[in-house]
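The values are calculated or read from the model by the stated rules, or taken from the named source; none is laboratory data. Just so it is clear, the model here is predicted, and its values are computed rather than measured. Quick reminder, even Gly has a Cβ in these numbers, built from the backbone with ideal geometry, and neighbours come from all protein chains shown. Side chains included, ligands, DNA and RNA excluded: accessible areas come from the protein's heavy atoms. Shrake-Rupley method; radii C 1.70, N 1.55, O 1.52, S 1.80 Å.
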Amino acid sequence: MNLELLESFGQNYPEEADGVLDCISLAVTAGFNKYGTLLAVGCNDGRVVIWDFMTRGISKVISAHVHPVCSVSWSRNGRKLLTASTDNTVCIIDVATGDTDHRFRFPSPILRVQYNPRSLSNFLVCPMRHPAIVVGVDGSRLIIPLDDEADTTISALFDRRGLHVFTGNSKGRVTVHRASDAQLVASFRVTQGAASTTAIKSMEFARRGDWFLVNSADRIIRVYNSTEVLACGIEGEPEPIQKLQDLVNKTMWKKCCFSGDGEYVCAGSSRQHALYIWDKTNGNLVKILHGTKGELLLDVVVSKV
């Protein structure tokens, strides 16, 4: 009980750099498992390095691809790792043995993959210049329809429970489809000012609560409540609960994510090695963490605990 009392007075965001993990080759993307104990790092030589985050040592190196690994995603139980590469392949890897259980090939490079947060039977794939696809481990494929057939530049992800697929396109439109049958259930536009729309670069869900953020080309991070979005239905007009931005430097954001408890939003700058952290509740910027000068960020992930 005393430990819980102490934690209630602490803050859930970092105050300074804690250390450096010296990877074997250039790290491109990373992802923590559900418990925050293991960190999978995809490298530009096709290898996946798994770090034990408690000891800060390498526990396994897996040669899964021959081209750069561009996306990794852990299964809910932490026993499987989903990897995507620019060689047009997606692999399901057994973490304990390092063996590839399944390999799927696609006609174009894969931008992002995501395991269903509540199921091992399917996962979401975002191929380049192609609609998002819900792929079953058994080989079944369900294409998520495009809102605009001419606009194939989309970002897509599962919601926290894996029931819906949220997509965003370059015309600022967010659509919500049922993951089971791709039926459209809700949609809205992210508007800049009175009429103009802004392209959506990426979206992320919090691991706790029903919040998700939208990172758009107008350099503003908008936080929405997914329950409200679903309640508004098709062509709804939900209002963001927060609009977060760097008012001084007008920074573009490379990657945005929520803290483990969902109370803070962290964003990595596209122009320099800098992390900005906001309090989601009141929208205040609480911390800016600066890294090595001259370096650029490729990915930002937050431990789940």
May I have the convex hull volume per residue, in Å³, for the Cα set of the stretch 247-305?
-> 80
In nm, to one decimal, how far is the modelled label at His67 from the one at Leu163, with both set 7 Å along Cα→Cβ?
-> 3.7
Per-residue ellipticity at 222 nm attributable to helices in the chain (runs of n ≥ 4 DSSP H, -39500 (n - 2.57) apiece, nearest 500 deg cm²/dmol) works out to -1500 deg cm²/dmol
Per residue convex hull volume, Cα atoms of the stretch 1-128, in Å³ = 136
Could you tell me the convex hull volume per residue, in Å³, taken over the Cα atoms of the chain?
-> 143
How large are Rg and Dmax for the stretch 150-299 when only the alpha carbon atoms are used, in Å?
-> 15.2, 48
Model label zone, Arg105; criterion: amide N under 18 Å from point 7 Å along Cα-to-beta-carbon; scope the stretch 79-93 | 83-92
Taking placed amide H atoms and a strict 5 Å upper bound, the residues 5 or more places from Ser59 or on another chain that come that close are Ile50, Trp51, Asp52
Amide H within-cut-off set for Lys254, under 5 Å, with H built and near neighbours excluded = Gly268, Ser269, Ser270
Quote to one decimal, in nm, the extra length available between Asn225 and Ile58 on full extension: 0.36 nm per residue of separation minus the C-alpha distance between them.
-> 56.3 nm
Jot down the radius of gyration and Dmax of the stretch 83-164, Cα atoms only, both in angstrom.
-> 12.8, 43
Any residue on another chain or 5+ positions along whose placed amide H is under 5 Å from the amide H of Ser216 is listed here as Lys201, Arg222
Using a 1.4 angstrom probe with every protein chain in place, what is the largest-first accessible-area order of Ser170, Ser216, Ser202?
-> Ser170, Ser202, Ser216
Note, ³J(HN,Hα) from phi for the stretch 225-241, Karplus 6.51, -1.76, 1.60, rounded to Hz, x at Gly and Pro | 9, 5, 5, 5, 4, 5, 5, 6, x, 6, 6, x, 9, x, 9, x, 7
3J(HN,Hα) from dihedral phi, the stretch 213-223, Karplus parametrisation 6.51/-1.76/1.60, rounded to Hz, x for glycine, proline | 10, 10, 9, 10, 5, 7, 6, 10, 9, 9, 10
Solvent-accessible heavy-atom area per residue, rounded to whole Å², over the chain at 1.4 Å | 48
Output ³J(HN,Hα) for the stretch 122-136: one whole-Hz value per residue in order, computed from phi by the Karplus curve 6.51 cos²θ - 1.76 cosθ + 1.60 with θ = phi - 60°, and x for Gly and Pro.
-> 8, 8, 9, 10, 10, x, 5, 6, 7, x, 5, 10, 8, 10, x
